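Here's the structure we're looking at; comments come further down.
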Amino acid sequence: MRTIDTRTDDWRAALNALRDTLGVDGDVVSEAGRAKTIELFGEPLSPKLVVDRICDDVRRDGIDAVLDYTRRLDGKDLTPQTVRVSEEEFAEAEAAADPAFLEAIRRAAENVREFQTAIRHRDVPVRRDTPGGGSVHLVQRYVPMKRVGLCVPGGAAAYPSTLLMTAVPAQVAGVPEIAVSVPPTAFGGYNADLLATCKAIGVTEVYRTGGAQGVAALAYGAGEGMKPVDFICGPGNLFVALAKRRAFGTVGIDSIAGPSEVIVLADETANPAFIAADLIAQAEHSPGSAVLVTWHEPLIAAVEEAIETQLATLSRADLIRPSLDAYGASMLARDEAEACELTDELATEHLHIQTSDPERLAEKITNAGAIFLGHHTPVALGDYYAGPSHVLPTGGTARFANGLCVNDFLKRSSVIRYDEAALGDAADDVVRLAEKEALTAHAASVSIRTA
């Protein structure tokens, strides 16, 4: 991991270089992915051009294009019948699953359901009586979307947790149709734990269509069985993120996500071993950005030593170390205030504050997708169990974007009703404003009712 010391002259350039590698515009894609692009298209196209071609083909040719890209990219020969997970496959996965695993899934799902239910928007009524005895009824109404698509990764690992963190909020919102896109891999559409999780929480529409072609199938539809959705959410690699960007406007999306990331904001009370474990855990996503921000200089060396000790015992160290080298950093600030300013500027996905008074420092931070307070609240609690969704803004977008929640699956409409007396009380003002804008037909639509 590099060290960025704000007392040096070049620290700002180093910080900008780190930030530029994150987010969807950083083209963070594996060498294997680049090689696959050349094999597939015969030239080293940029990820954006790759996604444009795939989305155009799926939009034009539907399921035929989806299955063709699935064969060429994923090496799976599927049919319109086998691309969707069958009820028999769900039942087999559930029967084969570890009962203790299913119990953990159910407890985690209940935590998510409890939190999402508590924060769900409800209709807000407003009544106004007018001077002339009229009555105005206003409502901010919330209704669930009819059909949504969830992207669940399955390349390097299986992610039942992502299914929980996307499907359960949608269920709490009341969405009647939930379609899941997952790669046709041993970690995805053929993963027994993932399919058992689907069965446990009542998700029954799952397609083995990962990557950009999976997003395109959700957005544009791909035959009778794969109807287009209204909204797409969930994490994925660069190609998934770019496909969501391409589809936006045809459908709604949650965000354009880049590599997963964490900032650990720490003082002298922090345990270096805890911090090392937290940084390593984020780097394990490979790519995953892991940054330590502190004003206590001895902590940096202690954390680096702890990282080396822990990597020596981990089976995935060969993935974690390159990720730490490419996207990790230790930032030494002049003081607590500057550390908070830097943290806010980076606007990270996960912020873990490991200080003597984390609540006080949290009040100084505006930009973070999720904030974890104290020495005993690892990010993994949010990833799997606590209740808020782990689908969060990355790449600095926490300056304006929010983490996924139940309310993202709700549409809001304003409902307005005036009676005759209330219209009469408002008429002069409305006509005056309409005429000021030279919209005389607008004015007439009021006057004709009050003449």
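The values are calculated or read from the model by the stated rules, or taken from the named source; none is laboratory data. Fair warning: this is a prediction, and the values are worked out from it, not measured in the lab. Cβ: placed from backbone, ideal geometry, glycine included. Neighbour counts: every protein chain shown.
Of all residues in the stretch 48-66, how many are farther than 14 Å from A212 by Cβ and either in contact (Cβ under 8 Å) with a residue 40 or more places away in the chain or crowded, with 16+ Cβ neighbours inside 10 Å (or both)?
2
Tell me whether the stretch 289-302 contains one or more residues that are at pLDDT below 95, part of a helix (DSSP H, G or I) and in the same structural domain as N367 (by TED's automatic domain parsing).
no
Being free of Cβ contacts under 8 Å to residues at least 24 places away in the same chain and either surrounded by 19 or more Cβ atoms within 10 Å (Cβ to Cβ) or small (G, A, S) (or both) narrows it down to one of Y159, Y190, so name that one.
Y190
If a residue has to be of a type in the set (D, E, K, R), in contact (Cβ under 8 Å) with a residue 12 or more places away in the chain and either part of a helix (DSSP H, G or I) or surrounded by 15 or more Cβ atoms within 10 Å (Cβ to Cβ) (or both) to count, how many in the stretch 322-344 make the cut?
So the answer is 4.
Identify, from the list L195, L163, the residue that is over 15 Å from the mean Cα position of the chain (by Cα) and either assigned to a helix (DSSP H, G or I) or assigned by TED's automatic domain parsing to the domain that holds T394 (or both).
L195
So which strands (runs of 3 or more DSSP E) are wholly in the stretch 346-451 and hold at least 3 residues that are over 30 Å from L242 (Cα atoms), touching a residue at least 24 places away in the same chain (Cβ under 8 Å) and out of contact with any Pro (no Cβ under 8 Å at 6 or more places or on another chain)?
Because the criterion is at least 3 residues that are over 30 Å from L242 (Cα atoms), touching a residue at least 24 places away in the same chain (Cβ under 8 Å) and out of contact with any Pro (no Cβ under 8 Å at 6 or more places or on another chain), the strands (runs of 3 or more DSSP E) in the stretch 346-451 that meet it are 410-418.
Among (1) modelled with pLDDT of 95 or more; (2) surrounded by 17 or more Cβ atoms within 10 Å (Cβ to Cβ), which single condition is D357 missing?
Condition not satisfied by D357: (2).
Of all residues in the stretch 211-261, count the ones that are β-branched (V, I, T) and either over 22 Å from D74 (Cα atoms) or surrounded by fewer than 20 Cβ atoms within 10 Å (Cβ to Cβ) (or both).
5
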